[in-house]
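Colleague: Let me begin by handing over the structure; questions about it come next.
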Amino acid sequence: MAATERFDSEVALFTAGRPVRADGLNLEAPPVAESGYSVPVTVTSAGTGPDRVVRVRLLAPDNPLVRLATVTVGDTGVPLRLSTRIRLARSQTVVALAETAGGQVLRAEAAIAVVVGGCGFDLPLEPG
């Protein structure tokens, strides 16, 4: 399956046909990553009540495995701040999708230029 098809399938699976809003969610990442093996990203949302984020999914459309992470968030009563590190095969736009307690879907993106890929494709493969 082509990368675009895999990405579109992941988005459709998460959204389940619901419209996607481009506000209310932020994805922070460095514009340039020296190594794709460990790229820091932070997802934030100030939503509370029905706008509170309850689930986040990170996607990398050009990775061999498009879905990077899915996190279910408990009712903490504070705005969302989720920080992690991801692995990127090459330069691409990373996408964060979030589901709110009210059932809305939010989307944020961050373009990241990767100097050295992090999915092992730059390593020679030797048998045995």
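The values are calculated or read from the model by the stated rules, or taken from the named source; none is laboratory data. This structure is a prediction, so every number in the text was calculated from the model and none was measured. Positions of Cβ are backbone-derived with ideal geometry, glycine not excepted, and every protein chain shown enters the neighbour counts. Just so you know, the surface numbers come from the protein's heavy atoms only, side chains and all, with ligands and any DNA or RNA stripped out. Shrake-Rupley method; radii C 1.70, N 1.55, O 1.52, S 1.80 Å.
Colleague: Give all pairs with beta carbons closer than 8 Å in which a residue from region 1-27 that is on the phi < 0 side of the Ramachandran plot meets a residue that is open to solvent by 80 Å² or more (accessible area, probe 1.4 Å) and at pLDDT 95 or above; count only pairs at least 6 apart in sequence or on separate chains.
Modeller: Going by the 8 Å Cβ cut-off, the qualifying pairs are GLU10/ARG67; LEU27/GLU109.
Colleague: Out of contact with any Ser or Thr (no Cβ under 8 Å at 6 or more places or on another chain), surrounded by 14 or more Cβ atoms within 10 Å (Cβ to Cβ), among the hydrophobic types (A, V, I, L, M, F, W, C) and not in a loop (DSSP other than H, G, I, E, B): is that true of VAL94 in this structure?
Modeller: Considered against the rule, which asks whether it is out of contact with any Ser or Thr (no Cβ under 8 Å at 6 or more places or on another chain), surrounded by 14 or more Cβ atoms within 10 Å (Cβ to Cβ), among the hydrophobic types (A, V, I, L, M, F, W, C) and not in a loop (DSSP other than H, G, I, E, B), VAL94 comes out as yes.
Colleague: Same structure again: Of all the residues that make up region 37-70, how many are in a strand (DSSP E or B), within 20 Å of GLU10 (Cα to Cα) and open to solvent by 20 Å² or more (accessible area, probe 1.4 Å)?
Modeller: Initially, region 37-70 is screened for residues in a strand (DSSP E or B), giving 39-45, 53-59, 67-70.
Subset that is within 20 Å of GLU10 (Cα to Cα): 41, 43, 53-59, 67-70.
Next cut, open to solvent by 20 Å² or more (accessible area, probe 1.4 Å) only: 54-55, 67-70.
The number of residues fulfilling the criteria is 6.
Colleague: Out of the residues in region 1-36 that are among the hydrophobic types (A, V, I, L, M, F, W, C) and crowded, with 17+ Cβ neighbours inside 10 Å, state the one that is nearest to the chain's Cα centre (by Cα).
Modeller: Residues of region 1-36 among the hydrophobic types (A, V, I, L, M, F, W, C): 1-3, 7, 11-14, 16, 20, 22, 25, 27, 29, 32-33.
Now restrict to residues that are crowded, with 17+ Cβ neighbours inside 10 Å: 7, 11, 14, 25, 27, 29, 33.
On the way: PHE7: 11, VAL11: 11, PHE14: 12, LEU25: 12, LEU27: 8, ALA29: 11, ALA33: 16 Å.
So, considering only residues that are among the hydrophobic types (A, V, I, L, M, F, W, C) and crowded, with 17+ Cβ neighbours inside 10 Å, the one nearest to the chain's Cα centre (by Cα) is LEU27.
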